[in-house]
Amino acid sequence: MSDIYTRLVSNVLFPLQERLKHHDTVKVRQGMEDSQWWPREQILALQAARLRAFLADIGAHVPYYRDLFAQTGFDPARVSGSADLQALPFLTKSVIRQNTDALRADDAQGLARFNTGGSSGEPLIFFIGTERVTHDVAAKWRATRWWDVDIGDPEIVVWGSPIELGTQDKVRLIRDKLMRTELLPAFEMSDARVEGFIARIREMRPRMLFGYPSAISHIAGYAEKKGIRLDDLGVKVVFVTSERLYDHQREVISRVFAAPVANGYGGRDAGFIAHACPSGSMHITAEDIVVEIIDGEGRVQPPGVAGEIVVTHLATRDYPFVRYRTGDVGVLSEDPCPCGRGLPVLSEIQGRSTDFVIAADGTVMHGLALIYVLRDIPGVASFKIVQETTTLTTVFVEPGPLFEADDVGRIQAGLKRRLGDAVTIDVKVVDVVPAEASGKFRYVISRVAA
C-alpha cells in the first residue's frame, strides 16, 4: 500500500503540475485505467475510431499528409481499422529529414524540438506536441500502477539522456524532491561512481528503480561482487527501458534487488509502445498506438511472425508519426494475457535490426550469437562488438582480473566460427568500453544490417 505522502503526490501535487502545464494527463490515465479491461474487440473499435479522426485531422492540417492524401485519393472517412493504413507509405527517418517542416500541423502550438541519439547514424530531429507528451506520460503512469507503486513513491532513475540531464535546473530539482525521485547519471560508470550510486540507493531505500538495463545490472553486479546487500531495501519493482533486456541482466537485477524486473518498450521518436504487466506480457498501449509487423518487402505479417515493428501514434496530430519504421524487430501475439487486460501483446521484442549481424555467406543472425562467445570467457569484464563490414568486425574488450593472453585468439576463433573464417576480427583491448553518447550501452552494433 502507498503511504500518505505518495497519495498526496499522485492525487494532488502531480495532477496540479500537469494542470499548470495544460496537460490533461489525469483524465487520460483514468480513461486508460478503464479501457485496459475492455475485451480486445472493444479496444480495437476505440482504436479504429481514434485512427479515423486522427487521419482526418492530419489530412486537414498537416501539409505533408494533405498533399499525400490528395495525390493518392486516400479518404480518412472510409477508414474502418488498422488494415486500411496499408494504403499509406511508411514514414522513415529519411522522409522526416526531407519533410521536417511539412510534417508540422499548420495550427500546432508549443512544439518541443527533440532528436534521437543517432547511435547508428545521423541523429533524427523531430517535434513533439502537448497531446503526445500527455498521452505518453499517462500510459507510463498506468503501467507503473500495475506493480503496486505510484508517482510519489521514492524512486531512483539511472539515466543518461542529455535531454533529461540538461534540464537539471533549480525548478527541476525542487520538483524531483517533491516527487521523491532522484536521478543518477549513467554516463560514467567507474568503480568510484558505482560505489556512490550503491551508497545512495541504500540510503534512499527506493520503492522502485527506473533506467537502462545495462546500467542497473552493472550496479547490481558490482554490489554483489563487493558483498553489499540491496535485497533488504524494500524495492518493489525495477523498471527498465531504452535498450534490449537480456536474460542475464534480468536475472542479476532480480536476484540482487529481490524484486521483479518490468520491461518497457518504446523510444523518444515512436513513443511508449508497450509495458510489461506482472503476468509477464508486454501490453501495447492500443488506445494510442497501432503496431504493424512487416517483412523485408514491407508486407504486413500475421501474429506469430517476426518482422520490423511499425508504429502509428494516434496522439501526434501536431507532428504525426504514421506507419513509422522503428528499425526494431518483434512478434505480435493473439493469446490473451492471464492478467485479464484486453490490451494486445508483443510476445517478443528481439532488438534493433542493427543488433543483427550478417555472416560472410549472407546468413542473418542475432547479435546474441556473438555475445555468447565473449560472455563465456571469464577474463572479459566488458565488451562491444561492431560489425563494420561483412569482412571486418571490431571487438572492444575491457579485460578483467582473469584475462589471459590467449583470450584474444579465443575471441577471434569464436567469432570466425559464426561469421566466417575469412572475416577479420580486430580485437582492441581498452581500459573502458565506451557507451553511446546517450549513456546507453549496446553490446552489438552492425553497420551492415543498418
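The values are calculated or read from the model by the stated rules, or taken from the named source; none is laboratory data. Here the structure is a predicted model, which is why all the values come from computation and not from measurement. Positions of Cβ are backbone-derived with ideal geometry, glycine not excepted, and every protein chain shown enters the neighbour counts. Surface accessibility is based on the protein's heavy atoms, side chains included, excluding ligands, DNA and RNA. Shrake-Rupley method; radii C 1.70, N 1.55, O 1.52, S 1.80 Å.
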Q | For the chain: accessible area per residue (Å², 1.4 Å) | A | 44
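In the stretch 265-305, which GluC sites (Glu not before Pro) fall in coil by DSSP and have 15 or fewer other Cβ atoms within 10 Å?
297
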**Q.** Amide H contacts under 5 Å for residue 184, placed H, 5+ residues apart
**A.** 157, 158, 159
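For the stretch 337-431, state which trypsin sites (Lys or Arg not before Pro) are in a DSSP loop and have at most 16 other beta carbons lying within 10 Å of their beta carbon. List each step's numbers first, then the result.
Values: sites: 341, 352, 375, 384, 410, 416, 417, 418, 428; in loops: 341.
Passing both the DSSP loop test and the Cβ count: no residue.
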Q.
Can you compute the charge dipole magnitude of the chain about its Cα centre, using +1 on each Lys and Arg Cβ and -1 on each Asp and Glu Cβ, nothing else charged? Give it in debye, rounded to the nearest 20.
A. 720
Q: Count neighbours as other Cβ atoms within 10 Å of each site's Cβ, and list the trypsin sites (Lys or Arg not before Pro) in the stretch 1-66 that are DSSP loop with at most 15 such neighbours.
A: 21
Q: Using a 1.4 Å probe over the heavy atoms of the protein chains, calculate the carbon and sulfur portion of the accessible area of the stretch 257-361 as a whole percent.
A: 49
Q. Can you tell which of 305, 138, 94 lies farthest toward the positive end of the dipole of the chain, using +1 and -1 charges on the Cβ of basic and acidic side chains (Lys, Arg; Asp, Glu)?
A. 138
Q: Let me have the 222 nm mean residue ellipticity of the chain computed from DSSP H runs of 4+ only, each contributing -39500 (n - 2.57), with the sum over all residues rounded to the nearest 500.
A: -10000 deg cm²/dmol
**Q.** Accessible-area composition of the stretch 51-150, carbon plus sulfur, in percent [1.4 Å probe]
**A.** 47
**Q.** Set of lysines near residue 170 by C-alpha distance (under 30 Å), chain-local residues within fewer than 8 positions excluded
**A.** 21, 27, 140, 236, 440
(Q) Taking log10 I(q)/I(0) by the Debye sum over Cα atoms at q = 0.10, 0.13, 0.14 Å⁻¹ straight from the coordinates, which label in (1) -0.78, -1.30, -1.47; (2) -0.81, -1.14, -1.26; (3) -0.90, -1.12, -1.19 is the correct one? (A) (1)
**Q.** Other-chain or far-sequence residues with amide H under 5 Å of residue 102's (modelled H)
**A.** none
